[in-house]
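Engineer: Structure below; questions to follow.
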Amino acid sequence: MNEYLFKFPKEWQFNIGDTIDIWIKAFSRDHREAFTAIKSVVIGSIKGINWMLSIIPWWLLILAIMILGWRVSGKKRTGVLYGAMLFFVGSSGLWSHMLETLSIVIAAVILSIIMGFPLGILIAMNKRAEGIIRPILDLMQTMPTFVYLVPAVILFSTGKTPALMATTIYSIVPMIRMTSHGITHVDTEVVEAAKAFGSTTLQALVKVQIPQAMSTIMTGVNQTIMMAMSMVVTCALIGANGLGMEILLATNRTEMGKALMPGISIVVVAIILDRLTQGLVKKEEAEQQ
């Protein structure tokens, strides 16, 4: 009797984890050709982005970031600071690793925008879809990041493909939420005025609601980029090369100095991406006012 009072009864316990594992592994075996094709496309896309970044001379990329930082912030010293930060990454011998990391982040952000933008619109326009998708988003946002890695590895083995899939799942949530939030909170009087002048629901969405919500949508893009960057080290656990892998190797060898430099490099890239996208958001807001 005491066992039932102080310990959860074993007769009432069940374990569905093994069943889920068996189902996922069987699904992976049955659809191996499809997953192989997806893997080839993903690897080709990441390699293509990495190739485009690598053919840009290092000095030209730094110069471009300097000019972009100056134009976005309106301050020349900000552009110089961004250039100096990137020069530090190159001086640390991590330029190629930074490009590998950026290629995965860029691919994940593009995929998140392609899927998240229409889903955000769907949630904003359809209450039934909102009731279905929002609990899924809550689950995705609160689930520990390591959980995403397991099914990705089972389906695609280790490497860049599961890293991209896990990063996309983790970073797509703010894109969906902010798109939905921006469109939902557009002034209803403006939308009604557009419809009163003969605009259809689609025309009002494209010509009024999306432009009015663009600053909020850009905030979602900013948050998506930041969340993708935060997955860099985690994805190194499943074989994603780049700055995260350098940190993981140095950690396994207990080499603090070698772990510190790629860590700082990740911070540098994250700060530059964050400030540039935030600057674009502020410009968008200023144009709407």
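Engineer: If you count only protein heavy atoms with a 1.4 Å probe, what accessible area per residue comes out for the range 208-287, rounded to a whole Å²?
Structural biologist: Details: 3530 Å² over 80 residues.
Result: 44 Å² per residue.
Engineer: Sticking with this structure for a sec: Quote to one decimal, in nm, the extra length available between Thr201 and Met52 on full extension: 0.36 nm per residue of separation minus the C-alpha distance between them.
Structural biologist: Values: separation 149, 0.36 × 149 = 53.64 nm, distance 3.95 nm.
Going from the current span to full extension adds 49.7 nm.
Engineer: Stokes-Einstein diffusion coefficient for the chain at 25 °C in a medium of 0.890 mPa s, Rh from the Kirkwood formula over Cα pairs: what value in µm²/s? Display every interim value, and only then the final one.
Structural biologist: Details: Rh = 21.5 Å.
Calculated translational D: 114 µm²/s.
Engineer: Send over the Kirkwood Rh of the range 1-40, from the inverse of the averaged 1/r over different Cα pairs, rounded to one decimal Å.
Structural biologist: Values: mean 1/r = 0.0758 Å⁻¹.
Radius from the Kirkwood sum: 13.2 Å.
Engineer: Show me the three semi-axes of the equivalent ellipsoid for the range 167-268, from the C-alpha gyration tensor (sqrt of 5 times each eigenvalue), largest first, rounded to whole Å. Walk me through the numbers on the way to the answer.
Structural biologist: Working: eigenvalues 400, 24, 12 Å².
Each semi-axis is √(5λ); the values are 45, 11, 8 Å.
Engineer: A further question follows. So what are the three principal axis dimensions of the range 216-289 from its Cα atoms, in whole Å, longest to shortest?
Structural biologist: Largest to smallest, the principal-axis extents are 54, 23, 13 Å.
Engineer: Let me ask you something else. Can you show me the helix-derived [θ] at 222 nm for the chain, built from DSSP H runs with n ≥ 4 at -39,500 (n - 2.57) apiece and divided by the number of residues, rounded to the nearest 500. Before the final figure, lay out each step's value.
Structural biologist: Details: 15 runs with 235 residues, N = 289.
So the calculated ellipticity at 222 nm is -27000 deg cm²/dmol.
Engineer: Out of the chymotrypsin sites (Phe, Trp or Tyr not before Pro) in the range 145-219, which ones are loop residues according to DSSP with at most 16 other C-beta atoms within 10 Å?
Structural biologist: Working: sites: Phe146, Tyr148, Phe156, Tyr170, Phe197; in loops: Phe197.
Counting only loop positions with at most 16 other Cβ atoms within 10 Å, the chymotrypsin sites (Phe, Trp or Tyr not before Pro) in the range 145-219 are Phe197.
Engineer: Rg and Dmax of the range 16-104, using alpha carbons, in Å: what are they?
Structural biologist: Rg, Dmax (Cα atoms, Å): 20.6, 59.
Engineer: Turning to a different aspect of this structure: Grab every C-alpha pair in the range 184-227, bin the distances at 10 angstrom width from 0 up to the longest one, and report whole percents.
Structural biologist: Taking every Cα pair in the range 184-227, the percentages come to 28, 43, 20, 8, 1.
Engineer: Next up: So between Met256 and Glu130, what do we pick up on full extension, going 0.36 nm a residue minus the alpha carbon distance? Before the final figure, lay out each step's value.
Structural biologist: Details: separation 126, 0.36 × 126 = 45.36 nm, distance 4.62 nm.
Using 0.36 nm per residue and subtracting the Cα-Cα distance, I get 40.7 nm.
Engineer: P(r) of the range 54-178 in 5 Å steps, Cα pairs, percent per bin?
Structural biologist: Taking all Cα pairs of the range 54-178, the binned fractions are 2, 10, 14, 14, 14, 14, 13, 10, 6, 2, 0 percent.
Engineer: What is the packing order of peptides 71-83, 23-35, taking the mean over residues of other C-beta atoms within 10 Å and listing the highest first? Walk me through the intermediate numbers first.
Structural biologist: Numbers: 71-83: 15.8, 23-35: 12.2.
The densest-packed peptide leads the list: 71-83, 23-35.
Engineer: Step through the residues of the range 251-264 one at a time and calculate ³J(HN,Hα) from phi using the Karplus curve (6.51 cos²θ - 1.76 cosθ + 1.60, θ = phi - 60°), rounding each to whole Hz and writing x for Gly and Pro.
Structural biologist: For the range 251-264, the Karplus-derived couplings read 5, 4, 8, 6, 10, 5, x, 6, 7, 5, 5, x, x, 5 Hz, x marking Gly and Pro.
Engineer: Related question: Carbon-plus-sulfur fraction of the accessible area of the chain, 1.4 Å probe, in percent?
Structural biologist: Numbers: 10980 of 16610 Å².
That fraction is 66 percent.
Engineer: Now, a different point. What whole-number distance in Å separates the alpha-carbon centres of the range 187-236 and the range 245-271?
Structural biologist: 35
Engineer: Kirkwood hydrodynamic radius (Cα pairs, Å) of the range 109-184? Write out the running numbers ahead of the final one.
Structural biologist: Working: mean 1/r = 0.0774 Å⁻¹.
Hydrodynamic radius (Kirkwood, Cα pairs) of the range 109-184 is 12.9 Å.
Engineer: Could you tell me how many cubic angstrom of Cα convex hull volume the range 94-238 has per residue? Present the calculation step by step, with values, prior to reporting the outcome.
Structural biologist: Working: hull volume 15.9 nm³, N = 145.
It comes to 110 Å³ per residue, whole-number rounded.
Engineer: Any idea what diffusion coefficient the range 226-268 gets from Stokes-Einstein, in µm²/s, Kirkwood Rh on alpha carbon pairs, 4 °C, 1.567 mPa s?
Structural biologist: Numbers: Rh = 10.1 Å.
It comes out at roughly 128 µm²/s.
The values are calculated or read from the model by the stated rules, or taken from the named source; none is laboratory data. This is a predicted model, so every value here is computed, not measured. In this analysis, Cβ positions are derived from the backbone assuming ideal geometry, glycine residues included, and neighbour counts consider all displayed protein chains. Heads up: the accessible areas ignore ligands, DNA and RNA and are worked out on the full protein's heavy atoms, side chains in. Shrake-Rupley method; radii C 1.70, N 1.55, O 1.52, S 1.80 Å.
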